[in-house]
1. May I ask you to order 70-82, 294-306 by the average number of other C-beta atoms within 10 Å around their residues, highest value first?
2. Let me have the relative contact order for region 64-137, percent, based on Cα pairs under 8 Å that are six or more residues apart.
3. Report the net charge of residues surrounding S115, where surrounding means a beta-carbon distance below 15 angstrom and charges are Lys +1, Arg +1, Asp -1, Glu -1.
4. By average Cβ neighbour count within 10 Å, what is the ranking of 57-69, 175-187 from highest down?
5. Full-extension gain between E360 and T40, please, as 0.36 nm times their residue separation minus the C-alpha to C-alpha distance.
6. What share of the DSSP beta bridges in the chain is antiparallel, in percent to the nearest 5?
7. To the nearest 20 Debye, how big is the dipole of the chain about its Cα centre, given +1 on the beta carbon of each Lys and Arg and -1 on that of each Asp and Glu?
8. What percent do you get for the relative contact order of the chain when only Cα pairs under 8 Å and 6+ apart count?
Amino acid sequence: MNALAATNRNFRQAARLLGLDSKLEKSLLIPFREIKVECTIPKDDGTLASFVGFRVQHDNSRGPMKGGIRYHPEVDPDEVNALAQLMTWKTAVAAVPYGGAKGGIGCSPGELSRSELERLTRVFTQKIHDLIGIHTDVPAPDMGTNSQTMAWILDEYSKFHGHSPAVVTGKPIDLGGSLGRDAATGRGVMYATEALLAEHGKSISGSNFVIQGFGNVGSWAAQLIHEKGGKIIALGDVTGSIRNKDGLDIPALMKHRNEGAALKDFHGAEVMDSAELLVHECDVLIPCALGGVLNRENAPDVKARFIIEAANHPTDPEADEILAKKGVVVLPDIYANSGGVIVSYFEWVQNIQGFMWDEEKVNMELHKYMNSSFHHIKAMCKSQDCNLRMGAFSLGVNRVARATLLRGWEA
Ligand SMILES: NC(=O)c1ccc[n+]([C@@H]2O[C@H](COP(=O)([O-])OP(=O)(O)OC[C@H]3O[C@@H](n4cnc5c(N)ncnc54)[C@H](O)[C@@H]3O)[C@@H](O)[C@H]2O)c1
């Protein structure tokens, strides 16, 4: 099942649980605006290359639309649509005053030079600058993009609209980025994991973990879980997977990766088959890479007791059903990876106020938001007698539906 079909299905189940009016249900699914642009750039060798860029703005009933921009060869309109919709529910679950959007460019960022990436980002921004903005749509980094990408967008956007640091979040600190933003999604994953394990009388320090993905989210989650005493026994990225039953030395692995070396060449571990990673024996499995990685083929073999969805939609609905029957507890993406958008909100607030918070305040506020959302989701699970995914979806959909109804939507 593709990402859009899966997201729509979760939304519809939540809408039914809430007893939403069928017209409102239909209206909430339709995106506000879908943008598709051709981005042609000169490559370093003088030839021309063309890439397709997307921005889907899903809903703005609770505030400006918010969502990442992804650079990946598999970016397609359906997936961007699904991710934009997920952002609408995610910002509502997190109780930050935003709607949802998502964007992406179909490209392989690793095969483009820095100057080609800069040209591509600037051309994309030129094509969408009048459709994004501080109070309309605020992009952020996602897979394959980073704070440098946001700096280029900020610079290009400011040529048209004047200096506008709040138009993107996840910026470098020197350009108005927030302290703690780089680590925020991974830190939120750690807080979410802590909250879930505590519910089950467990702790990070008493558990072992398998992590897929060692980019922004995966590496910060790994570091922070390691600092809390959690044992990461296997880890993989696009280059391969490694394991060590006594726990990987994450600071040493970070140093290894930051020197540009591949995971498989790390001395403190043995190389393993990447197909085995998600079904490896562990207490907690944390997918931090692509969507759809847990599906009906591998779900029956999953041995983890808990799955924390740090990636967006890593679990196919068919896998969800299989995992539920096996008693695996899945903490859904629209809550588990919301730390990034929460600190993005703090960054936007700081830019608008022209006042910078210290990192301790950022992390403390993030902790508060993550804990509060967790308890609201649990309360929803209790009142609707449903699992965590439906609890989170119902919470988010209900908040968006209420805002839509209050604004009036039929005229
Ligand atoms: N960065 C954020 O703030 C943020 C916020 C919310 C959700 N997310 C989601 O988290 C996930 C990761 O985002 P990121 O920002 O860390 O991206 P990133 O580009 O920094 O890292 C992606 C990681 O995934 C790995 N990967 C890619 N293809 C893979 C494959 N086939 N098998 C195994 N590993 C593979 C890469 O090697 C890399 O380690 C995405 O699903 C993204 O949508 C990110």
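All of the numbers you see were taken from the coordinates with simple rules; none came from a lab. Model, not experiment: these values are computed from the prediction. We place every Cβ from the backbone using ideal geometry, glycine too, and count neighbours over all the protein chains shown.
1. Working: 70-82: 20.2, 294-306: 17.7.
Top of the packing list down: 70-82, 294-306.
2. Working: 94 pairs, mean separation 29.5, N = 74.
Dividing the mean separation by the residue count of region 64-137 yields 40 percent.
3. On the way: positive: K43, R114, R119, R122; negative: D44, D45, E111, E116, E118, D155, E156.
Residues near S115 contribute -3 overall.
4. Details: 57-69: 25.4, 175-187: 23.8.
The most tightly packed comes first, giving 57-69, 175-187.
5. Working: separation 320, 0.36 × 320 = 115.20 nm, distance 4.29 nm.
Full extension from E360 to T40 adds 110.9 nm.
6. If we restrict to bridges inside the chain, about 50 percent are antiparallel.
7. On the way: 43 positive and 49 negative charges, 252 e Å.
The calculated dipole for the chain is roughly 1200 debye.
8. Numbers: 842 pairs, mean separation 69.5, N = 411.
With pairs under 8 Å counted, the relative contact order is 17 percent.
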